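Written out below as structure tokens is the structure these notes cover.
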Amino acid sequence: MSIFRKLDWFFKKEKKAYLIGVTALVLVALVQLIPPKVIGIIIDEIAENNIQLPIIIFWVVILLLAALGQYVFRYVWRMNIWGGAARLEKDLRRQLFQHFTQMDHVFYQEHRTGDLMAHATNDLNAIQNVAGAGILTFADSFITGGATIIAMVLFVDWRLTLIALLPLPLLAVTSRVLGSKLHDAFRDSQEAFSDINDKTQESVTGMKVIKTFGQEKEDLGDFQTKIDTAILKNRRVNFLDALFDPFITVIIGISYVITIIVGGRFIMAGTITIGQMVSFISYIGMLVWPMFAIGRLFNVLERGNASYDRVAELLQKKSHIQERPNALMTPAKGDIQVEIDSFAYPDDQETQALKDIRFTLAEGKTLGIVGKTGAGKTTIMKLLMREYDDFSGNITIGGVDTKDYTLDALLGSIGYVPQDHFLFSMSIRDNIRFANPKLPQAQVEQAAALAAIDEDIKAFPKGYDTMVGERGVSLSGGQKQRLSIARALVVNPELLILDDALSAVDAKTEEAILSGLKAYRQNKTTIIAAHRLSSVMHAGEIIVIDEGQIIERGTHEELLAIDGWYHRMWQRQQLEAKIEGGISE
């Protein structure tokens, strides 16, 4: 029953609806007592040869009114209790999704996508059942059961009632023992479902890679293993859950036997009539549902309890990125000053990802960052955008520490094109104007032209209405990169970050994009991180990163004169370009 305490906040908010719903359930329970009583009266009238047509008509009308009353009251409780359950699911979905949008990269590294999806679907459905089927079963079983027992005492005999209910304590003991085991079993079952969900999401997303390497059989085997594990977990749940019904059947059977034996003696002694005996047996029959409902109740409550604990654990997670009190809400703008003494990723504190990174980027200028894969280029961007705050040093924009801006003010001033391009399952137009869904078509086309993707789009049969497919599956790597650039440009950001965003385009297209950006963003700041040095050769300053440190810095000409890493890489890339040019000719 602890799940009801955990959902106390919701029941207080929806107390009016649930009070009406439970009241309707009480009225249903009371109306249900009428038919057995009427049947007992009619049987006694028949036994005494007093039955007449007007009497039969009267009691039939009473039965019809009772049926009508049950219909009306059941409609009322359904509207209020099921409606409340739907509102709980709505509230929890909103809370969980909002929580997901506020969490940082550390959170998403710790939790798999499939697992988060399972929390947002299967777990929330189980919690909703507590507020719907759980409340209904709880109230209905105890109200109907209690009202039936009271009727047995008032309309028949209290001694017979007490004797017939002697087996009921066995039900309480059974429910307590099995309920505890069910909670643990349901939690294991939900975790197994999360594993299946995660595996499915991962396999579908990576299907091209799986097929390329011919790993369909192995992947199917791995999936089957997870299915088998989930089946075993659910078998235990079903085994424990199934034990309720046999126990309840035995308890009901014992009550019937006691009633027939003792009730027969009471009839022989003249303590009760045959009609009362029939009514009493009918009342015992009405107790069957409340007893079975208790078994179902524990099923719903323990499943919901396990799911609520899983969801609560997620909601209790705190983002490592917190806005400071009275943080600035004005857009971040001005010179960028980066002074990073050291930084290590949370999951690898032994390795310094960045060390002694210092540079100043004047407003309106362009900075190039180059280095081999894994040197630390992207890490600098992540700290600049506050994906991680736990580092030694500080980063300022316009003389203000980035941690003193609100996240909206900071990130709203930055247009970021990452290495891994993510496109949504919508039209090309809507992907470009994602940050401003009402952006006019002319501005969408302007951004596309600057990203050198406009002609490609117009060549598609549906143009800007072309659906890109999930994660942009219908587009080439270069097209996805250029669409991502166009998406970043539509917000006209104070700072544009291109993180190896031109790696999939040819040299001619790269030059066209960079030339267009230079003209369009004359007074805006730009940072370009790249492997291909031609992407940064026109930058006002270029820094070379190696193993998290700056090993060279200067303009393109100054770095060539140093005869260091940049010079050697430039010569290599120029030679590769000549070879490729010769082959193409």
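The values are calculated or read from the model by the stated rules, or taken from the named source; none is laboratory data. What you see is a predicted model, and the numbers here were worked out from it, not measured in a lab. Reconstructed Cβ throughout: ideal geometry from the backbone, glycine too, with neighbour counts over all protein chains shown.
Out of A118, A151, one residue alone is touching a Ser or Thr at 6+ places or on another chain (Cβ under 8 Å), modelled with pLDDT under 80, surrounded by 21 or more Cβ atoms within 10 Å (Cβ to Cβ) and not assigned by TED's automatic domain parsing to the domain that holds D408. It is A118.
Check the range 116-123 and report whether any residue there is touching a residue at least 12 places away in the same chain (Cβ under 8 Å) and over 13 Å from the mean Cα position of the chain (by Cα). No.
The range 75-141 holds helices (runs of 4 or more DSSP H) entirely within its bounds, and those carrying 2 or more residues that are acidic (D, E) map to 83-102. The set of residues in the range 383-410 that are of a type outside the set (D, E) and under 19 Å from K318 (Cβ atoms) comprises R386, Y388, F391, K403, T406, L407.
In this entry, A488 is excluded by the filter for residues that are closer than 19 Å to P418 by Cβ and not assigned by TED's automatic domain parsing to the domain that holds P437.
Exactly one residue out of T225, T259 is in a helix (DSSP H, G or I) and touching a Phe, Trp or Tyr at 6+ places or on another chain (Cβ under 9 Å), and it is T259. Just one of the numbered conditions (1) in the same structural domain as M385 (by TED's automatic domain parsing); (2) crowded, with 21+ Cβ neighbours inside 10 Å is not true of L301: (1).
Out of curiosity, is I272 closer than 18 Å to G40 by Cα, assigned by TED's automatic domain parsing to the domain that holds L136, touching a Phe, Trp or Tyr at 6+ places or on another chain (Cβ under 8 Å) and modelled with pLDDT of 75 or more? So I272 passes the test. Note on the range 345-378: residues that are over 19 Å from I527 (Cβ atoms), assigned to a loop (DSSP other than H, G, I, E, B) and either outside the structural domain of T526 (by TED's automatic domain parsing) or touching a residue at least 12 places away in the same chain (Cβ under 8 Å) (or both) total 4.
For the residues V60, V28, V38, the requirement of being assigned to a helix (DSSP H, G or I), among the β-branched types (V, I, T) and closer than 17 Å to T144 by Cα singles out V28.
For the structure I just gave you, tell me whether K16 is assigned by TED's automatic domain parsing to the domain that holds V311, touching a helix residue (DSSP H, G or I) at 6+ places or on another chain (Cβ under 9 Å), charged (D, E, K, R) and within 18 Å of G285 (Cα to Cα). It is false that K16 is assigned by TED's automatic domain parsing to the domain that holds V311, touching a helix residue (DSSP H, G or I) at 6+ places or on another chain (Cβ under 9 Å), charged (D, E, K, R) and within 18 Å of G285 (Cα to Cα). Only residues that are surrounded by fewer than 16 Cβ atoms within 10 Å (Cβ to Cβ) and small (G, A, S) were counted across the range 352-404, and they come to 6.
Only a single criterion out of (1) under 16 Å from W158 (Cα atoms); (2) in contact with a Gly (Cβ under 8 Å, 6 or more places away or on another chain) is not satisfied by T271, namely (2).
Residue-by-condition table, conditions (1) assigned to a helix (DSSP H, G or I); (2) under 30 Å from A185 (Cβ atoms):
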residue: R235; (1), (2): yes, yes
residue: L240; (1), (2): yes, yes
residue: F247; (1), (2): yes, yes
residue: I254; (1), (2): yes, yes
residue: G263; (1), (2): yes, no
residue: F266; (1), (2): yes, no
residue: I272; (1), (2): no, no
residue: Q276; (1), (2): yes, no
residue: I281; (1), (2): yes, no
